[in-house]
Structure formats: structure tokens, C-alpha cells
1. Considering every residue within the stretch 135-154, establish whether at least one is more than 23 Å from K234 (Cβ to Cβ), in the same structural domain as L106 (by TED's automatic domain parsing), aliphatic (A, V, I, L, M) and not in a loop (DSSP other than H, G, I, E, B).
2. Suppose we keep only residues that are part of a loop (DSSP other than H, G, I, E, B) and out of contact with any helix residue (DSSP H, G or I) (no Cβ under 8 Å at 6 or more places or on another chain) within the stretch 99-110. Which one would you say is modelled with the lowest pLDDT?
3. Give the residue that is farthest from I208 (Cα to Cα), with candidates limited to residues of the stretch 111-134 that are in a strand (DSSP E or B) and not polar (S, T, N, Q).
4. Can you tell me which condition C183 does not meet? The list is (1) on the phi < 0 side of the Ramachandran plot; (2) at pLDDT below 90; (3) touching a His at 6+ places or on another chain (Cβ under 9 Å), and all the others hold.
5. So is K145 within 30 Å of R103 (Cβ to Cβ), surrounded by fewer than 17 Cβ atoms within 10 Å (Cβ to Cβ) and charged (D, E, K, R) or not?
6. Could you run through the stretch 177-209 and say how many residues are buried (at least 17 other Cβ atoms within 10 Å of the Cβ) and either touching a strand residue (DSSP E or B) at 6+ places or on another chain (Cβ under 9 Å) or among the polar types (S, T, N, Q) (or both)?
7. Within the group N219, N167, which residue is touching an Asp or Glu at 6+ places or on another chain (Cβ under 9 Å), under 20 Å from M244 (Cα atoms) and modelled with pLDDT under 90?
Amino acid sequence: MSERYIPHKVPEVILKKKKKNEISKAKSVANEIKNKTKKESILKRIRFKRAEKFVKEYRSRENFDIQIQRRARRANLYKIPVDPTLIFVVRIKTPLDLHLRARKVLNLLRLITPNTGVFLKLNTTTLKLLRLIEPYITWGTPNLKSIRELIYKRGHAKTKNGFKSLNDNRLIEDHLGQYDIICIEDIIHEIVTLGPHFKEVNALIWHIKMNLPTESWKNSGLPFNKEGQYGDRKDKINSLLAQMV
């Protein structure tokens, strides 16, 4: 007959040490959760205050533009020529015989497929690139409403794990926190004002995928100023974006 197995009694010292470690670990987890909650609460207040500040700034800029236009009319000036520095470029329908050089420029600007768009800073270099691919794109000056809708409704960040919605403030903080950009309103502000970290913000957004416009791309072989689709639309780009967002 086999002997009955009697388990060894665990020394009391080891049991106390184990219990102490468990209590210490539980306290550590509790403190971590508490600190995380506290940090999130602070960040929430910061985001709210920044949003209020940005709204006041946007209104001030808008009022300033209105005053300038009024003064221009009083001085009998038809228009004050101010070139926009921020533009939004949209790729339209692509022909089968797309030239290799044009394809390379489109890829460089991240306009890989039709109905995608990107924010660009207008300068001599970008204008030359736009002229090379003009028959395949349309662009213009987006207003604040268009920018907000593009970012909130269509904005996605390109990450190692694929594309993630920009509505996740933690994701924004992880990728742009070193530039003091911690929420979606910071991203919008950086784009609207063409801030010092516009390049980094724009790289994170990658490109914006949109719907086909209401009338599709009717007369896409003609420039916009001849009732077509391609080329510079100036501020009329906003009516197109309203259809596509």
C-alpha cells in the first residue's frame, strides 16, 4: 500500500512576505490608476481652456479680415491681394494614360487615389508641383468650418498599427506630445495658423479619404474657370468639400 502524501507546511515567514508583496503590488496599481486619472483630469482642463482660447483667436482673425475688407471698400479698393498660404488639394478622376512623372508627383504629395485630399503650405515649390499635375487635381483655400469637418469627420493618423481616428486624444499626445500638441483642437489650430509644427502634424494625418462629390467629376477634362473640375477654386473649394465630407 502506497504511503499517503502529506504536503509540506509553508513557513509563516514566507506567507507573510508573500502577503506583503501582494499588498504592495495592489497599492502600486491603485496609485498608478490614481495618477493616471489625475493626469487625464488635468489634460482635460487644459484641452478645454485651449479650445476656448482658439475660438476667441479664430473670431478675432475673422473680425480683422472683415475690417480690412470694409476699409478697402471705403478707400474704393476692389480687392486687397492677399495670397493664401494654406490650401487643400483634392485628387479628381485619373485617366488611364497618366504620365509617369505626374504619377510620381501625386505619390509624393500623398494623393495616391481619387477623392483623397491633403493640406499643403502654398509656396513656390508646391505651386510648381501643382502645375505639373494640375489636370488631375483641384485645390483652394479651406475655411475654418471645412478644416474642422475634415479633421473631425475624416481625419485619421497613420501609425505602425494602421490608420487610427484622430478623435483619440491619447494617440495625438503619444505622437505629437513632444511639440505640446495633445488634442484634436491643437491639430486644427496648427493647421489653421500654419504653426511651427505644421509639417509634423500633416505627416501624422497623412491624407484624408472623402466621398465622391454630388455631381461626380463632371467635365473633369476642363479647368474650373471654364465650368470644369481641375485647377484652383480659391475659396469655392469649400462648397466642394461640403459635398465630399
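1. No, there is no match, as no residue in the stretch 135-154 is more than 23 Å from K234 (Cβ to Cβ), in the same structural domain as L106 (by TED's automatic domain parsing), aliphatic (A, V, I, L, M) and not in a loop (DSSP other than H, G, I, E, B).
2. Filtering the stretch 99-110 for residues part of a loop (DSSP other than H, G, I, E, B) gives 99, 109-110.
Retained after the next criterion (residues that are out of contact with any helix residue (DSSP H, G or I) (no Cβ under 8 Å at 6 or more places or on another chain)): 99, 110.
On the way: H99: 84, R110: 93.
So, considering only residues that are part of a loop (DSSP other than H, G, I, E, B) and out of contact with any helix residue (DSSP H, G or I) (no Cβ under 8 Å at 6 or more places or on another chain), the one modelled with the lowest pLDDT is H99.
3. Taking the stretch 111-134 as the starting set, the residues that turn out to be in a strand (DSSP E or B) are 116-121.
From what is left, the residues that are not polar (S, T, N, Q) are 117-121.
On the way: G117: 5, V118: 6, F119: 9, L120: 12, K121: 16 Å.
Among those that are in a strand (DSSP E or B) and not polar (S, T, N, Q), it is K121.
4. (3)
5. Details: within 30 Å of R103 (Cβ to Cβ): no; surrounded by fewer than 17 Cβ atoms within 10 Å (Cβ to Cβ): yes; charged (D, E, K, R): yes.
It is false that K145 is within 30 Å of R103 (Cβ to Cβ), surrounded by fewer than 17 Cβ atoms within 10 Å (Cβ to Cβ) and charged (D, E, K, R).
6. Number of matching residues: 10.
7. On the way: N167 fails: touching an Asp or Glu at 6+ places or on another chain (Cβ under 9 Å).
That would be N219, the only listed residue that is touching an Asp or Glu at 6+ places or on another chain (Cβ under 9 Å), under 20 Å from M244 (Cα atoms) and modelled with pLDDT under 90.
The values are calculated or read from the model by the stated rules, or taken from the named source; none is laboratory data. Bear in mind that the values here come from a model prediction, so they are computed numbers and not experimental data. All Cβ positions, glycine included, derive from the backbone under ideal geometry; neighbour counts span all protein chains shown.
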